[in-house]
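J.: I am attaching a structure below and will ask some questions about it afterwards.
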Amino acid sequence: MFIVSPDIERYIQNLTESMSFDNDILLQMEDYAKQINFPIVGRQVGVLLYIFTKLKKPKLVVEMGSGYGYSAYWFAKALDDGKVVLIDFQQKNIDMAKQYFEKAGLLDKAEFRVGDALEIAKEYKNIDILFLDLEKIKYFEAIKVMEENLSKDGLVIADNVLWYGNVVLEETDRKTKAIKDFNEYMFRSGKFVSQIVPLRDGVLIGLRI
Ligand SMILES: C[S@@+](CC[C@H](N)C(=O)[O-])C[C@H]1O[C@@H](n2cnc3c(N)ncnc32)[C@H](O)[C@@H]1O
C-alpha cells in the first residue's frame with residue numbers, strides 16, 4: 001500500500017535532492033544503503049530531522065537504532081551545541097558511523113554506544129529529542145521506558161509509524177500491532193501532543209506535555 005502516491009513521492013524527492021547540503025558524505029551513505037539494502041530514513045525524512053533540530057536547539061538527542069549513522073548525521077549537522085547519542089546493537093554499524101562522522105568533521109557532536117538501545121538509552125536524562133528507529137516490535141516498550149527521561153517539551157520522533165500502510169488493516173501481525181499500540185499511546189495517553197506526518201513511511205512527532 002502506498003502512503004504517498006509514487007508521482008508525489010518522486011516530486012518531493014526531486015525537490016529535496018535539489019537542495020544543496022554537504023552532498024559528498026550524504027551520497028556515500030545513501031549509496032551504501034542502496035548497495036546493501038539498508039533501511040535508512042532517507043533524505044526526505046533526514047531534512048525533517050534537520051528542521052526540527054534547528055527549531056528545537058536540543059542539548060541532547062538520543063537515537064534508539066542508529067544503523068551506520070545516516071539519521072544521526074542530520075541531527076548532528078543541525079546541532080548548534082549539544083550532542084547526539086547513537087545507539088545500535090551492531091558494532092560494525094557504530095564503527096562505520098564513527099568513520100562517516102570523522103570524514104564529516106562531526107565527531108565532537110556525537111557519542112557512540114553499542115548495545116541494546118532499551119538498556120543504554122535509560123542512562124540519559126533530560127533528552128530534548130528522542131528518535132525511535134529500532135526494531136518496530138519494541139516501539140511501545142521504548143516509549144514506556146523512556147518517557148520520564150524526556151526534558152520538558154521534549155520531542156519524540158518515530159519513523160515507520162504507518163508501516164507500509166499496514167496500520168489500517170484489521171488483521172495485523174505482531175510488529176504492526178506494536179506500532180499501532182505505540183501510535184495510540186502517543187495520541188491518547190494525555191502525555192503527548194502528537195501528529196503523524198505521512199512522509200515516506202510515516203513519521204510521528206510527539207511533544208511531551
Ligand atoms: C532502521 S535501522 C536504523 C537506520 C537509521 N536510523 C538511519 O536512518 O540511518 C534500525 C537499526 O536499529 C538497530 N536496532 C534494532 N533494534 C535495536 C535495539 N533494541 N537496540 C539497539 N539497536 C537496535 C539495528 O541494528 C539497525 O541498525
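Throughout, read-outs are computed from the coordinates displayed, never taken from laboratory work. Everything quoted here is computed from the prediction, not taken from an experiment. We place every Cβ from the backbone using ideal geometry, glycine too, and count neighbours over all the protein chains shown.
J.: In 5 Å bins starting at zero, report the fraction of Cα pairs in segment 115-204 per bin as a rounded %.
T.: Pair shares across the bins are 3, 14, 26, 26, 19, 9, 3, 0.
J.: Okay, next question. What's the whole-number percent of alpha carbon pairs in segment 6-208 lying beyond 30 angstrom?
T.: Every Cα pair in segment 6-208 considered, those over 30 Å come to 16 percent.
J.: Same structure, new question: Using a 10 angstrom cutoff on alpha carbons, build the Gaussian network for the chain and name the most mobile of Ala110, Ala33, Ala142.
T.: Among Ala110, Ala33, Ala142, the largest GNM mean-square fluctuation belongs to Ala33.
J.: Evaluate E = 1/(1 + (r/R0)^6) for Asn126 and Asp31, where r is the Cβ-Cβ distance and R0 equals 35 Å; express this FRET efficiency to the nearest 0.05.
T.: The calculated FRET efficiency here is 0.45.
J.: Per-residue counts of other Cβ atoms within 10 Å, averaged by peptide: what ranking do you get for 179-187, 116-124, 18-26, highest first?
T.: Output ranking for 179-187, 116-124, 18-26: 179-187, 116-124, 18-26.
J.: Which whole-angstrom value gives the distance between the alpha carbon centres of segment 162-209 and segment 11-76?
T.: Each part reduced to its Cα centre gives a spacing of 21 Å.
J.: Ok, one more. Quickly work out the Ser5-to-Leu169 label distance, labels modelled 7 Å from Cα along the C-beta direction, and quote it in nm with one decimal.
T.: 2.4
J.: Then there is this: Which net charge results for the neighbourhood of Glu63, defined as the other residues with beta-carbon distances under 13 angstrom from its beta-carbon, given Lys and Arg at +1 and Asp and Glu at -1?
T.: -2
J.: What is the distance, in nm, between label points placed 7 Å from the Cα along the Cα-to-Cβ direction at Asp116 and at Val145?
T.: 0.7
J.: Tally Lys and Arg at +1 and Asp and Glu at -1 over the other residues with C-beta under 9 Å from the C-beta of Asp159: what net charge comes out?
T.: After counting each charged neighbour, the total is -1.
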